[in-house]
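Here is the structure we will look at, set down as structure tokens.
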Amino acid sequence: MTEPTLHALREPLTLPCGQVLGSRLAKAAMSEKLAGPDGAPNEHHVRLYERWGRGGAALLLTGNVMVDRRALEGPGNVVVEDERDLELLRGWARAARAGGALTWMQISHPGRQTPRRVSARPVAPSSVALRGTFGLFAPPRALSESEIAEIVARFATTAAVAQRAGFDGVQIHGAHGYLVSQFLSPLTNQRTDGYGGSIENRQRFLLEVVRAVRAAVTKGFALAVKLNSADFQRGGFSEAESMSVVEALSDEGLDLLEISGGTYEAAAMFDGADARTRSREAYFLEYAERVRQHARMPLMVTGGFRTASGMAEAVASGATDVIGLARPLALEPDLAARLLSAEAERARSGLRGFGAKKLDALVDAAWHEQQLARMGRGLAPDPQLNRLSSVLASFRHSYAPRLRGR
Ligand SMILES: Cc1cc2nc3c(=O)[nH]c(=O)nc-3n(C[C@H](O)[C@H](O)[C@H](O)COP(=O)(O)O)c2cc1C
């Protein structure tokens, strides 16, 4: 690829908070699942993030960190409810930032997407159970208004602790069917109070979280949101509704809006929504082009980017400001540096799917998760890693019922 095109990826970007991304390549969030039952980061996180920190991405988003230890996306999540692990969190942030990358903590509550193994009675906007997920998730109960206020406050506390620990910012996880996303979708939010009904009401929880976090941190600390372009389910959160959310977020002075899509029921984040989006290298780029007209904050698009030319064109065309990379950096943690120096033109291909969407999403997540586990142990990623054993290892870790007495 020619140098002028690559130039688009090397151009620094100044965010509204004043932080400067040294290039346009960011590591998107990947749940590490490396913590012990205490939910504290440990030497595995340090090793993994030291490696990514040296890998050339200008921005590292951590995997989702939970705001409530009763509601995990899976065993092994980091949990930040207070300052009890401040020193360990400082060690994690220091390791990630040592190579010069900005590091933001992704903060989340999974709502009904809390595995049964973690909670037999998860909470959600309404008591609508997940479908087609093999009974791994128990039906949720609806949150009361006071419980909603308590969760909003938890996001703010987690963000304040992240700042004290030395992270440069936080990203609120509003995508992929987790709690914020459950509030946004009319399928999962059937409330009749001020949090349900119109899109103005359904986006209220997200806006309350954004405002509470903003009030809990100081100027100069970055605040971002990851949002679905759509859930890709009939009757679910639609593209038109997402535009309304983007408009509302534009008034909140966000530093970055990351675009993704899909939920556990329709896993579009891993391969796009349909044949048309799948035929493009980046699944949500067309959407980003449309969202530009509503978004007054910098944009990041994540999902499917694999070639330097595809990434550079997406930035040069103005469709997005930042490129998010997830799976490619689980296999090649230094890929960003090699793309920027023109040493590599494309990510090495990851996994071949079986052609069955749900199964492929499961295998994809499990296989890449095992690559993170390898790096946490100080090993290199293994492109030959067996798919079946990855799934078994991940399943045992995340979903298998707890053994009595453990
Ligand atoms: C193992 C694994 C864990 C993930 N964990 C998260 C997460 O914690 N938060 C999040 O927003 N996205 C998560 N994702 C989704 C990625 O951030 C990204 O949206 C998706 O993989 C598509 O980007 P890619 O094509 O560059 O991989 C995860 C993806 C993988 C493979």
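Structure above, values below:
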read-out	value
Conditions (1) without any contact (Cβ under 8 Å) to a residue 12 or more places away in the chain; (2) assigned to a helix (DSSP H, G or I); (3) not aliphatic (A, V, I, L, M); number of the one not met by residue 154	(1)
Meets criteria (farther than 19 Å from residue 373 by Cβ and free of Cβ contacts under 8 Å to residues at least 60 places away in the same chain) for residue 98	yes
Number of the exception - residue 231 against (1) more than 22 Å from residue 21 (Cα to Cα); (2) open to solvent by less than 10 Å² (accessible area, probe 1.4 Å); (3) out of contact with any Ser or Thr (no Cβ under 9 Å at 6 or more places or on another chain); (4) not hydroxyl-bearing (Ser, Thr, Tyr)	(3)
Residue among 397, 368 that is surrounded by 22 or more Cβ atoms within 10 Å (Cβ to Cβ), closer than 22 Å to residue 29 by Cβ and not aliphatic (A, V, I, L, M)	368
Exclusive hit being of a type outside the set (Ser, Thr, Tyr), over 18 Å from the mean Cα position of the chain (by Cα), open to solvent by 10 Å² or more (accessible area, probe 1.4 Å) and modelled with pLDDT under 95, set 117, 84, 51, 90	117
Helices (runs of 4 or more DSSP H) fully within segment 224-335 counting 3 or more residues that are more than 11 Å from the ligand (Cβ to nearest atom) and small (Gly, Ala, Ser)	239-250, 308-316
Cβ pairs under 7 Å, 6+ apart, first in segment 166-195 and without any contact (Cβ under 8 Å) to a residue 60 or more places away in the chain, second open to solvent by 20 Å² or more (accessible area, probe 1.4 Å)	186/235; 187/128; 187/233; 187/235; 193/145; 194/201; 194/204
Residue within segment 144-164 that is of a type in the set (S, T, N, Q), under 21 Å from the mean Cα position of the chain (by Cα) and open to solvent by less than 30 Å² (accessible area, probe 1.4 Å) present	yes
Residue in segment 189-211 that is among the basic types (Lys, Arg), over 21 Å from residue 156 (Cα atoms) and in contact with a Lys or Arg (Cβ under 9 Å, 6 or more places away or on another chain) present	yes
Among residues of segment 25-40, those that are touching an Asp or Glu at 6+ places or on another chain (Cβ under 7 Å) and not aliphatic (A, V, I, L, M), counted	2
Candidates 132, 111 - the one that is at pLDDT below 95 and either open to solvent by less than 50 Å² (accessible area, probe 1.4 Å) or under 16 Å from residue 174 (Cα atoms) (or both)	132
Members of segment 179-215 that are of a type in the set (S, T, N, Q), assigned to a helix (DSSP H, G or I) and open to solvent by 10 Å² or more (accessible area, probe 1.4 Å)	201
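Every residue, every condition in (1) of a type in the set (A, V, I, L, M); (2) over 30 Å from residue 214 (Cα atoms), yes or no:
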site	(1), (2)
7	no, yes
22	no, no
32	no, no
35	yes, no
42	no, no
46	yes, no
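Conditions tested, residue by residue: (1) open to solvent by less than 20 Å² (accessible area, probe 1.4 Å); (2) charged (D, E, K, R).
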| position | (1), (2) |
| --- | --- |
| 260 | yes, no |
| 265 | no, yes |
| 283 | no, no |
| 337 | no, no |
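Residues checked against (1) within 15 Å of the ligand (Cβ to nearest atom); (2) over 30 Å from residue 19 (Cβ atoms); (3) touching an Asp or Glu at 6+ places or on another chain (Cβ under 9 Å); (4) assigned to a strand (DSSP E or B):
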residue: 94; (1), (2), (3), (4): no, no, no, no
residue: 116; (1), (2), (3), (4): no, yes, no, no
residue: 120; (1), (2), (3), (4): no, yes, no, no
residue: 127; (1), (2), (3), (4): no, yes, no, no
residue: 133; (1), (2), (3), (4): no, yes, yes, no
residue: 136; (1), (2), (3), (4): no, yes, no, no
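The values are calculated or read from the model by the stated rules, or taken from the named source; none is laboratory data. These numbers were taken from a predicted model, which means no experiment stands behind them. Positions of Cβ are backbone-derived with ideal geometry, glycine not excepted, and every protein chain shown enters the neighbour counts. Please note that ligands, DNA and RNA were not included when accessible areas were found on the heavy atoms of the full protein model with its side chains. Shrake-Rupley method; radii C 1.70, N 1.55, O 1.52, S 1.80 Å.
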